[in-house]
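Down below is the structure, laid out as structure tokens.
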Amino acid sequence: MLAVIVDFTRCASLPPPFAFKGQIVSDPNPPFVPSRLPSGLEAKVLEVDDTEECWSMDPRVWAPLARSEPIAEKMRQRVLRQGNTLPLLTALCVALLSVMYTTTSGRAHGGVRTRLQYRALPIADFGIVAGSVKVHPSDRLAFRRRSTGVYVRGQDPERHFWLYFKPVRGAEVLLDLSVFTFNLCSVVRSAPYAPPAIVELAEYAADAVPAYFVDRALRTGAGDVHTERHRVSALRDERLHHAVRYIQRGLDEVDVGLITAFMADVAGRSITENEVEVVSDVTMQYCGLLGSVLKDELWRNYPEEPPLAIQTDPDESLDSDSRPKHKDKRKKKEKETT
């Protein structure tokens, strides 16, 4: 359900990236061959005609050089589902605290207090991890503005964020909602989890949404694509507890300042105005969606096991040896598969 509401925000609520609004006039077809940018960064470069906006719903109009509509649509979704990771994850954490872990959290749904658990084990802690994710240069995106020739980096795998949930005993689980743009396309079907408020919006009709979920069994079987630098607990953060005390009335300037300070600790840097704006706008929306799920006990109808899948490119091989050869003669890193 968390994956569904984040994807809804990215696809239907937030302003899209500039590359989504301009026509792609370069080759978007797999296999993806990385290019070296003037900065030294290597990535798959898409040239964007930003001289005029392209708002067609037809993916072939957006990427006319694509060999097929599925290829064009897959690339369009990778472009759309990038950015704003930290504020969206922070908004999720604040909503979970507000709706499930405050002293008044049971009032909205008949006095029943619901808590997170994993395989019958209560969750003792949850929060955000800052680190990096392994990405082959051919799966990293960058963009070239046709109007100026300036290159724009896409989402940075070296500055990545994901959620952790730690049960009272045993190994923790990870939920990464932002690796789809890197062609690490683990998805979950949205139909069983979408709150009614999202289902009613006909313009948002994603059958599957990005959800890279890792528990101990998956980590042992497939290896770990994540490298952690540090983490910050949301459940135990006093600033967030203070911010959600009266969140039913909305977030005031002090509350937003406390949430921003939490984000700065996670990121290890100053928070941008855009990030502050996103977390301010989205947090109350997430509180409402999560509150409706608990009030109507929609979670009782969720599948016993989530319907996960991997969305590959047409004719894509999961064998890393089939990738286009990297021009750099240094040792190459293989792509991890889920």
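The values are calculated or read from the model by the stated rules, or taken from the named source; none is laboratory data. All values reported here derive from a predicted model rather than from experimental measurement. Here Cβ is always computed from backbone atoms with ideal geometry, including for glycine, and neighbour counts include all displayed protein chains. Accessible surface areas use protein heavy atoms only, side chains included; no ligands, DNA or RNA. Shrake-Rupley method; radii C 1.70, N 1.55, O 1.52, S 1.80 Å.
So the values come out like this:
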| read-out | value |
| --- | --- |
| Residue under evaluation Asp313, criteria (1) crowded, with 16+ Cβ neighbours inside 10 Å; (2) without any contact (Cβ under 8 Å) to a residue 24 or more places away in the chain; (3) in a loop (DSSP other than H, G, I, E, B), criterion not met | (2) |
| Condition met for Ala43 (touching a Pro at 6+ places or on another chain (Cβ under 8 Å), at pLDDT 95 or above and in a loop (DSSP other than H, G, I, E, B)) | no |
| All strands (runs of 3 or more DSSP E) inside the range 118-190 with 3 or more residues being farther than 22 Å from Val48 by Cβ and either open to solvent by 40 Å² or more (accessible area, probe 1.4 Å) or among the small types (Gly, Ala, Ser) (or both) | 121-133 |
| Counted residues, the range 67-81 - those being surrounded by fewer than 22 Cβ atoms within 10 Å (Cβ to Cβ) and not in a helix (DSSP H, G or I) | 2 |
| Qualifying residue in the range 37-48 (condition: open to solvent by 40 Å² or more (accessible area, probe 1.4 Å) and among the acidic types (Asp, Glu)) | yes |
| Neighbours by Cβ (under 8 Å, 6+ apart or cross-chain): first from the range 253-272, over 10 Å from Leu240 (Cα atoms); second β-branched (Val, Ile, Thr) and assigned to a helix (DSSP H, G or I) | Met263/Thr90; Met263/Val279; Val266/Thr90; Ile271/Thr260 |
| The range 49-59 - residue that is touching a helix residue (DSSP H, G or I) at 6+ places or on another chain (Cβ under 9 Å) and surrounded by 15 or more Cβ atoms within 10 Å (Cβ to Cβ) and, of those, nearest to Leu80 (Cα to Cα) | Pro59 |
| Answer from Thr114, Thr102, Thr90 - the residue that is closer than 18 Å to Leu2 by Cα, open to solvent by 10 Å² or more (accessible area, probe 1.4 Å) and of a type in the set (Ser, Thr, Tyr) | Thr114 |
| Count - residues of the range 246-288 that are polar (S, T, N, Q), crowded, with 16+ Cβ neighbours inside 10 Å and farther than 20 Å from Ile5 by Cα | 1 |
